[in-house]
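Input: a single structure, listed below in structure tokens.
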Amino acid sequence: MLADHDPDYVVIGETRSYGFASITTAIRLVEGGARFLVANPDEKGPGAEGSRPATGAVTALSERVTGRPPYYVGKPNPLMLRSALRALGTHAAHTVVLGDRMDTDVRSGMEAGTHTVLVLSGPSDENTAAQCPHQPDRVINSVTDLTEHVADPFRT
């Protein structure tokens, strides 16, 4: 249930319609004692005309004002992936996390024990990847390149 009076949690997730009033309300609720949950720390995402602010940017604003760091319930929290694996009835060793961010996608997969593939079509490039302490199992330029790495049982 959504409430703007004495809620247990304030949750920030991805949307393209953040407004000053809703951000201010969230800040006041966190200052009032609501627990602060956030989907992911992605600071920017792609837009038709270039970068656009994402969840992490709004979170940074809220955290700076309140002085309270959030708890990230989504990537890179490995609990999210482990819960998904459990729900799907599969094992991390048989799973691949495909993503375009080293700091969230690849890190999340690595921490959950899955195989990881970095796609260079997003914010992380080969230089970013080389500087990270965690490394993807494979790096590809585009998701279209993924077919080169997957056995096709119907190919003759």
* To do: Would you check which residues across the range 96-105 are closer than 14 Å to Asn77 by Cβ and out of contact with any Asp or Glu (no Cβ under 9 Å at 6 or more places or on another chain) and list them?
  => Asp105
* Those residues that are within 24 Å of Lys75 (Cα to Cα), part of a helix (DSSP H, G or I) and among the β-branched types (Val, Ile, Thr), I need them from the range 1-37; list them, please. => Ile23, Ile27, Val30
* Asked: Among the residues of the range 60-74, is there at least one that is out of contact with any strand residue (DSSP E or B) (no Cβ under 9 Å at 6 or more places or on another chain), of a type in the set (Lys, Arg), modelled with pLDDT of 90 or more and not assigned by TED's automatic domain parsing to the domain that holds Val97?
  -> yes
* So, in the range 1-30, of the ones that are surrounded by 13 or more Cβ atoms within 10 Å (Cβ to Cβ) and of a type in the set (D, E, K, R), which residue ends up nearest to the chain's Cα centre (by Cα)? -> Glu14
* **Failed condition for Pro41, given (1) of a type outside the set (Val, Ile, Thr); (2) in contact (Cβ under 8 Å) with a residue 60 or more places away in the chain; (3) surrounded by fewer than 19 Cβ atoms within 10 Å (Cβ to Cβ)** => (3)
* Asked: For the range 103-122, what are the residues that are within 11 Å of Val139 (Cα to Cα) and of a type outside the set (S, T, N, Q)?
  -> Val106, Val117, Leu118, Val119, Leu120
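If you go through the range 101-151 one residue at a time, how many are of a type in the set (D, E, K, R), modelled with pLDDT of 85 or more and out of contact with any helix residue (DSSP H, G or I) (no Cβ under 8 Å at 6 or more places or on another chain)? Break it down stepwise before answering.
Restricting attention to the range 101-151, the residues satisfying the condition of being of a type in the set (D, E, K, R) are 101, 103, 105, 107, 111, 125-126, 137-138, 145, 148.
Filter once more, so that each one left must be modelled with pLDDT of 85 or more: 101, 103, 105, 107, 111, 125-126, 137-138.
Those left that are additionally out of contact with any helix residue (DSSP H, G or I) (no Cβ under 8 Å at 6 or more places or on another chain): 101, 103, 105, 107, 125-126, 137.
Residues meeting the conditions: 7.
The values are calculated or read from the model by the stated rules, or taken from the named source; none is laboratory data. Given the structure is predicted, the values throughout are model-derived calculations rather than measurements. Cβ: placed from backbone, ideal geometry, glycine included. Neighbour counts: every protein chain shown.
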